[in-house]
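Note sheet for the following structure.
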Amino acid sequence: MSRLLRSAAYGVLSWHDGLTGWRTSRRAFRTLLAASPDEVTEQAQRKLIQLLQHAYQTVPYYRETWNRLGFAPGATTTAADLIGLPLLTRDVIQQQLARLTSEAFAPDHLDIDCTSGTTGSRTSFYRDRGCRVARIGRQWGILEHCGYRPGDRRGMIWGVADDLPRRRGALTPRTRFRRFARANESIYCRVMSRHDMLDYHGRLRSFRPAVLYGYPNAIEQFARFIQRERLAPIEVKRIFCTAEQLHETQRELFQEVFGGVVFNLYCSREHGCAGFECRTHRGLHIDAGSVLVEVLNNGVPAARGESGEIVITDLLNYGMPLVRHATGDLGTVALEPCACGCSLPLIARFDGRESDILYRPDGSVVAGVLLSHLFMGHSSIHLAQFIQEDITSLDVYLVAEGGGPPDLRNAVVQESRSVMGPDVDIRVHFVADIPRNPRSGKFQQVVRKVKHPARARVS
């Protein structure tokens, strides 16, 4: 009964906030989820043509850029025709913000948002109101497919303050209703002190959430805190991880501590929930009604089983179309369709961000995640961060139990050199804590401050 009341209240709140229509988009997602491969391709093709023609007709940047290239989208344009078009980088968005905005929308019909700024700087962009409503509906379709329904109580571990309710001040009837409808109990994870986590643990025990939702590194910090403090368990049915790369060791930890099934989501401020795990947990299905995803290796489509940069064309945002947006994320193309029978495109895994790549002295590159995997056997290490100032050295910051065993420093140096190379200067620093990104609240495991002298393959 409580869930149904909260679900009904959420519908009222959506109406009050001008977000009616999200259920229509949820139904559209459900229909696509059950569609055949040909039907999925046909719908994605139709949406792509509509978006490209709108961008060409109403967005000065695309019209001028594509005219110079001799490209004019038509009724037979396909995704393959996009290969010759330039990528939309963060720098281009920052420099051409006004010229990337559609002339078909009045300024007061657009909402401004910003990227999380995890890589160092925030990028502003616009979306139209219809896009916002469609994203909410399609995300609810995805979440319901994974077993999370409107009205379910949710524990939220999040790092964007604007997304969270203010906890200070008197609760008015309006704010009480809003909290009831949203069914969230949250913690701001940019800084999670012992006091913060004890308070949040107590609130969750009283709240009894069905779902835990947030950044995997922050959820890991909370899970290990519960274990370390021998606190009473928090049991949920589902754990949803987003905004950061989810490691399989984290999945195992979450299932052990919270008891629920873990689902990985691929979401961003710019594109909403673009990808999701199904019940097989063997890759990320792409919502082809929301985005077109390319995986590129040196500018051309990556082969099956090959990792490359994820480039997204947004099919919902007509206010500021993002065509071939270079996300900076890395993913691996699936070798075969998913065993669940879903016809949506499949990415085998999310491989982190291009900024997570480190460089060896010889110019070759290595995925930073390989370093963190090396330390899985060291139970005394609670947190690790790798900072590369130049290609001849690497600083490793560790939060370790008791300040770190005497032999841990040498072990970290040797294991790091096994990946980075024998000539790299490895400097190990034992610290009390590692701060999160002040803008996004995300934990940056790899911070690269050196530019690559030349492109090379990823190890």
### Task
Can you tell me which residue within the range 145-166, out of those that are charged (D, E, K, R), closer than 26 Å to residue 2 by Cβ and surrounded by fewer than 16 Cβ atoms within 10 Å (Cβ to Cβ), is modelled with the highest pLDDT?
149
### Query
Of all residues in the range 58-83 being touching a residue at least 40 places away in the same chain (Cβ under 8 Å) and either of a type outside the set (Val, Ile, Thr) or in a loop (DSSP other than H, G, I, E, B) (or both), which is nearest to residue 288 (Cα to Cα)?
79
### Query
Tally time: how many residues in the range 325-349 are more than 16 Å from residue 265 (Cβ to Cβ), out of contact with any Ser or Thr (no Cβ under 7 Å at 6 or more places or on another chain) and aliphatic (A, V, I, L, M)?
3
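For every residue, the table says whether it meets (1) closer than 28 Å to residue 16 by Cα; (2) loosely packed, with under 15 Cβ neighbours inside 10 Å.
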{"position": "187", "(1), (2)": "yes, no"}
{"position": "190", "(1), (2)": "no, no"}
{"position": "193", "(1), (2)": "no, yes"}
{"position": "196", "(1), (2)": "no, no"}
{"position": "202", "(1), (2)": "no, yes"}
{"position": "212", "(1), (2)": "yes, no"}
{"position": "215", "(1), (2)": "no, no"}
{"position": "221", "(1), (2)": "no, no"}
### Residues being under 28 Å from the mean Cα position of the chain (by Cα) and within 26 Å of residue 250 (Cβ to Cβ) - total across the range 382-430
17
### Query
Can you name the residue in the range 405-451 that is in a loop (DSSP other than H, G, I, E, B) and under 14 Å from residue 393 (Cα atoms) and is also modelled with the lowest pLDDT among such residues?
451
#### Entry: Those residues of the range 113-125 which are at pLDDT 80 or above and surrounded by 21 or more Cβ atoms within 10 Å (Cβ to Cβ), in sequence order
125
### Task
Check every one of the strands (runs of 3 or more DSSP E) wholly within the range 250-313 and list those with 2 or more residues that are of a type in the set (A, V, I, L, M, F, W, C) and more than 23 Å from residue 43 (Cβ to Cβ).
261-268
### Query
Would a scan of the range 371-389 turn up a residue that is outside the structural domain of residue 40 (by TED's automatic domain parsing), modelled with pLDDT of 85 or more and not in a strand (DSSP E or B)?
yes
### Query
Do any residues in the range 292-321 that are over 29 Å from residue 28 (Cα atoms) and assigned by TED's automatic domain parsing to the domain that holds residue 25 have Cβ atoms under 9 Å from those of residues that are modelled with pLDDT of 95 or more and among the acidic types (Asp, Glu), where the two are at least six apart or on different chains, and which pairs are they?
302/294; 308/294
### Task
Could you tell me whether the range 308-318 includes any residue that is under 21 Å from residue 102 (Cα atoms) and hydroxyl-bearing (Ser, Thr, Tyr)?
yes
### Summary
Condition set buried (at least 24 other Cβ atoms within 10 Å of the Cβ) and of a type in the set (A, V, I, L, M, F, W, C), scope the range 259-275, selection farthest from residue 77 (Cα to Cα): answer is 263
### Query
Are any residues in the range 225-261 within 13 Å of residue 215 (Cβ to Cβ) and among the hydrophobic types (A, V, I, L, M, F, W, C), and if so, which ones?
239, 240, 241, 243, 246, 254
### Task
Determine if the range 69-84 includes at least one residue that is among the charged types (D, E, K, R), loosely packed, with under 13 Cβ neighbours inside 10 Å and under 28 Å from the mean Cα position of the chain (by Cα).
no
#### Entry: In the range 197-222, the residues that are assigned to a helix (DSSP H, G or I), of a type in the set (Gly, Ala, Ser) and modelled with pLDDT of 95 or more
202, 206
### Message
Take residue 180 and tell me if it is hydrophobic (A, V, I, L, M, F, W, C), touching a helix residue (DSSP H, G or I) at 6+ places or on another chain (Cβ under 6 Å) and more than 20 Å from residue 253 (Cα to Cα).
### Response
yes
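The values are calculated or read from the model by the stated rules, or taken from the named source; none is laboratory data. On a predicted model such as this, the values are computed, not experimentally measured, just so you know. Every residue, glycine among them, receives a Cβ derived from its backbone with ideal geometry; neighbour counts consider all protein chains shown.
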